[in-house]
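Worksheet: the structure to be examined is printed underneath.
The values are calculated or read from the model by the stated rules, or taken from the named source; none is laboratory data. All values reported here derive from a predicted model rather than from experimental measurement. Here the Cβ positions follow ideal geometry from the backbone for every residue, glycine too, while neighbour counts run over all protein chains shown.
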Amino acid sequence: MDVVSFVFTLFAFFLLLGALGTVFSRNPVAAAMWLVLTFFSAGGVWLLLQAEFLALTLVLVYVGAVMVLFLFVVMMLDLNLAKLREGFWHNAPLALLVGGALAIELYLMLTSPAFHRAAAPAVAGSNTKMIGEVLYTVYAYPFEVAAMILVVAMIAAVTLTHRKRSDVRVVKPEEQIAVKASERLKVVSLPAEKE
Amino acid sequence: MNEWLSLAQGWLGPAWPVVWNVLKIIVLLVPLLLAVAYLTYAERKIIGYMQVRIGPNRVGPKGWLQPIADALKLLFKEVIVPSQANKVLYFVGPAMALAPSLLVWAAVPVNDGWVIADLDAGLLFVMAVISLEVYGVIIAGWASNSKYAFLGAMRASAQMISYEVAMGFGLICVLLVSGTLNLSEIVRQQGTGWFADHGLSFLSWNWLPLLPIAVVYFISGVAETNRAPFDLPEGESEIVAGHMVEYSGMAFALFFLAEYANMILVSFLTSILFFGGWLSPVAFLPDGLHWLLIKASVFLFLYLWIRATFPRFRYDHVMRLGWKVFVPITIVWLLVVAVWMLTPLSIWR
């Protein structure tokens, strides 16, 4: 086994381990950590395909930002595991149906000839530059549309969750910073009292 | 030297690349860990003198053996695990804090060609690994099952994510003017320009055209490493020691190692990205590793100076500074630089 196959096997093993851990772990925080391992291993597999930009962006965005916020929320929630499991048998048939459909789709895709293409030969040079060039020329419109959708979603999320309470007193840093010493403190000179 | 290398290569055969890389890692990490140890000593001495004290002076001549004594003490201390802690994640936390802060050095060049992995996407690698550092803190805070630790972890994660945004935008400015993500290339590119041709290389470095970014980057770096005045995650007056509160002995020492290694990293990165790395500031002096070390030492001193000077921020002020001051500054400067590069006045041609 050469080095590349060994590294691939290692990453693939941890990828599967992480995915299984995410699904089977009982503790939501542990599940999130398994998902982190899954993303990280996927990044490693992508690196082996010489897609270093995508691999590092996967780690940067999903592991470095998205999963941190996930953990943030999961840790804050007071999850009642017994309550989460309550409707298990009620929902099981539907879950089986969805899972079965996904499994069949995966099977069809994996056996189709379209999947068995040889990997494109790696090109020399910076992968980042090539993605950038394609993104801003061939795929400029889809890229812009995606950006617009993200901005709209972000603004919507902020407006939906932002609420201004008028019944509480809050400190405003702007006002605090704008304060000058002369507004707070008055220096007066008092003549010394003489007998 | 080369004869020895080829001899070792022939003798070890296929195992040679592994041995060679392990050697490179050792040559980089041993001085780094020594620097971490003596940075704690320097911190105590420098802050001591700033506060008109002497600082540690008992262990060894002038207290030089103090870091060794500290390390031995931490090694022999008992590691206590809270009974209600999540046993596995409790120990994963410190390990996950230290691992990225050592891993990131793989892509950091210390001299022309002296780098363990000269990655094409080096800057992206550094950013990706730095973004992993927050996990150690979050996991430690949660697994300790203590409210102070948890509050510290929440504060740390919010703060680190917020300042990563400003840092990221700043780095985009750097790679805009450099046109490459390779850290060595970024340094080499800073050695070119009108001033460099006239012998004043230091005016060609990135800090001058990107001055606001350089300042924002270094301050964000201080916030990223949770150092004073941004040390709210471990603010001892309100939440004791934050995520580290339940840790003792070596587990606690790992957090400290990670924190100081990160300080050194931020100083190195600031020198590399904005201050010409190993380039000499004037033409008549030779380039070399010593310049990078001098520049990084200046920033490390700045770290300690800031710590001795400024009081801790209030939490909402930290968030305000990150999101309402730094992010707009970096976005505006990004636009300014992008437009500047397209005008005939561009200095990067």
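Scanning the stretch B:60-73 for residues that are touching a helix residue (DSSP H, G or I) at 6+ places or on another chain (Cβ under 8 Å), modelled with pLDDT of 85 or more and assigned to a loop (DSSP other than H, G, I, E, B) yields one hit, B:TRP64. Of all residue pairs spaced 6 or more apart or on separate chains, those with beta-carbon atoms under 8 Å, a first member in the stretch A:130-147 that is among the aliphatic types (A, V, I, L, M) and a second member that is surrounded by 11 or more Cβ atoms within 10 Å (Cβ to Cβ) and at pLDDT 90 or above are A:LEU135/A:PHE143. Candidates are the residues of the stretch B:303-349 that are of a type in the set (A, V, I, L, M, F, W, C) and in a loop (DSSP other than H, G, I, E, B); the one that is surrounded by the most Cβ atoms within 10 Å (Cβ to Cβ) is B:PHE313. Could you tell me whether B:LEU300 is in contact with a strand residue (DSSP E or B) (Cβ under 8 Å, 6 or more places away or on another chain) and either part of a helix (DSSP H, G or I) or not β-branched (Val, Ile, Thr) (or both)? So B:LEU300 fails the test. Here A:LEU16 fulfils each of the conditions (1) facing chain B (nearest Cβ under 10 Å); (2) loosely packed, with under 15 Cβ neighbours inside 10 Å apart from (1).
Condition check for B:VAL52 on (1) without any contact (Cβ under 8 Å) to a residue 12 or more places away in the chain; (2) farther than 22 Å from B:ALA308 by Cβ: one failure, at (2).
Mind checking whether some residue in the stretch B:335-348 is under 24 Å from the mean Cα position of the chain (by Cα) and over 30 Å from B:VAL52 (Cα atoms)? Give the derivation first.
Of the residues in the stretch B:335-348, the ones under 24 Å from the mean Cα position of the chain (by Cα) are none.
So far as the stretch B:335-348 goes, no, none of its residues is under 24 Å from the mean Cα position of the chain (by Cα) and over 30 Å from B:VAL52 (Cα atoms).
From B:GLY179, B:GLY122, B:GLY113, which residue is within 17 Å of the chain's Cα centre (by Cα) and small (Gly, Ala, Ser)? Lay out the reasoning, then the answer.
Numbers: B:GLY179 fails: within 17 Å of the chain's Cα centre (by Cα); B:GLY113 fails: within 17 Å of the chain's Cα centre (by Cα).
Result: B:GLY122 is the single residue among B:GLY179, B:GLY122, B:GLY113 that is within 17 Å of the chain's Cα centre (by Cα) and small (Gly, Ala, Ser).
Here the stretch B:105-136 is the region considered, the condition is being among the aliphatic types (A, V, I, L, M) and more than 12 Å from every other protein chain (Cβ to nearest Cβ), and the residue that is surrounded by the most Cβ atoms within 10 Å (Cβ to Cβ) is B:VAL108.
Scanning the stretch A:51-85 for residues that are basic (Lys, Arg) and either modelled with pLDDT of 85 or more or buried (at least 16 other Cβ atoms within 10 Å of the Cβ) (or both) yields a total of 0.
Residues in the stretch B:194-212 that are hydrophobic (A, V, I, L, M, F, W, C) and assigned to a loop (DSSP other than H, G, I, E, B) were compared, and the one that is surrounded by the most Cβ atoms within 10 Å (Cβ to Cβ) is B:TRP205.
Contact annotation: no residue pair with Cβ atoms under 9 Å, 6 or more positions apart or on different chains, pairs a residue in the stretch B:19-42 that is not assigned by the TED database to the domain that holds B:ILE68 with a partner that is among the aliphatic types (A, V, I, L, M) and modelled with pLDDT of 90 or more.
You will find that of B:ILE161, B:ILE139, B:ILE186, the residue that is surrounded by 24 or more Cβ atoms within 10 Å (Cβ to Cβ) and farther than 15 Å from B:TRP348 by Cβ is B:ILE139 and no other.
A search for C-beta distances below 8 Å between a residue of the stretch A:104-123 that is exposed (fewer than 10 other Cβ atoms within 10 Å of the Cβ) and any residue that is at pLDDT 85 or above, counting only pairs 6+ apart in sequence or on different chains, returns A:PHE115/A:MET109. Of all residues in the stretch B:223-239, those satisfying the criterion of being of a type in the set (A, V, I, L, M) and either under 11 Å from the mean Cα position of the chain (by Cα) or assigned to a helix (DSSP H, G or I) (or both) are B:ALA223, B:LEU232, B:ILE239.
Conditions tested, residue by residue: (1) within 14 Å of chain A (Cβ to nearest Cβ); (2) small (Gly, Ala, Ser).
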residue	(1), (2)
B:LEU175	yes, no
B:GLU185	yes, no
B:GLN189	no, no
B:TYR217	no, no
B:GLU224	yes, no
B:ALA258	no, yes
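Out of the stretch A:19-42, which residues are of a type in the set (Phe, Trp, Tyr) and either surrounded by 14 or more Cβ atoms within 10 Å (Cβ to Cβ) or within 12 Å of chain B (Cβ to nearest Cβ) (or both)?
Narrowing the stretch A:19-42 to residues of a type in the set (Phe, Trp, Tyr): A:24, A:34, A:39-40.
Residues satisfying the conditions are A:TRP34, A:PHE39, A:PHE40.
Looking across A:VAL59, A:VAL68, A:VAL45, one residue alone is more than 12 Å from chain B (Cβ to nearest Cβ) and in contact with a Phe, Trp or Tyr (Cβ under 8 Å, 6 or more places away or on another chain). It is A:VAL45.
Per the conditions (1) surrounded by 10 or more Cβ atoms within 10 Å (Cβ to Cβ); (2) more than 14 Å from chain B (Cβ to nearest Cβ); (3) under 24 Å from the mean Cα position of the chain (by Cα); (4) aliphatic (A, V, I, L, M), the sole criterion not satisfied by A:VAL138 is (3). If the condition is being within 21 Å of B:ALA42 (Cβ to Cβ) and either assigned by the TED database to the domain that holds B:THR40 or outside any helix (DSSP H, G or I) (or both), then the stretch B:240-285 contributes only B:PHE275.
Checking the structure you have, find out if any residue of the stretch B:62-76 is under 16 Å from the mean Cα position of the chain (by Cα), more than 13 Å from chain A (Cβ to nearest Cβ) and either closer than 25 Å to B:GLY235 by Cα or surrounded by fewer than 24 Cβ atoms within 10 Å (Cβ to Cβ) (or both). Among the residues of the stretch B:62-76, not one is under 16 Å from the mean Cα position of the chain (by Cα), more than 13 Å from chain A (Cβ to nearest Cβ) and either closer than 25 Å to B:GLY235 by Cα or surrounded by fewer than 24 Cβ atoms within 10 Å (Cβ to Cβ) (or both), which makes the answer no.
Assess whether B:GLY288 counts as being in contact with a strand residue (DSSP E or B) (Cβ under 9 Å, 6 or more places away or on another chain), more than 14 Å from chain A (Cβ to nearest Cβ) and not basic (Lys, Arg). It is true that B:GLY288 is in contact with a strand residue (DSSP E or B) (Cβ under 9 Å, 6 or more places away or on another chain), more than 14 Å from chain A (Cβ to nearest Cβ) and not basic (Lys, Arg). Can you find even one residue in the stretch B:213-222 that is β-branched (Val, Ile, Thr), within 22 Å of B:LEU345 (Cα to Cα) and part of a helix (DSSP H, G or I)? Yes, the stretch B:213-222 has at least one match.
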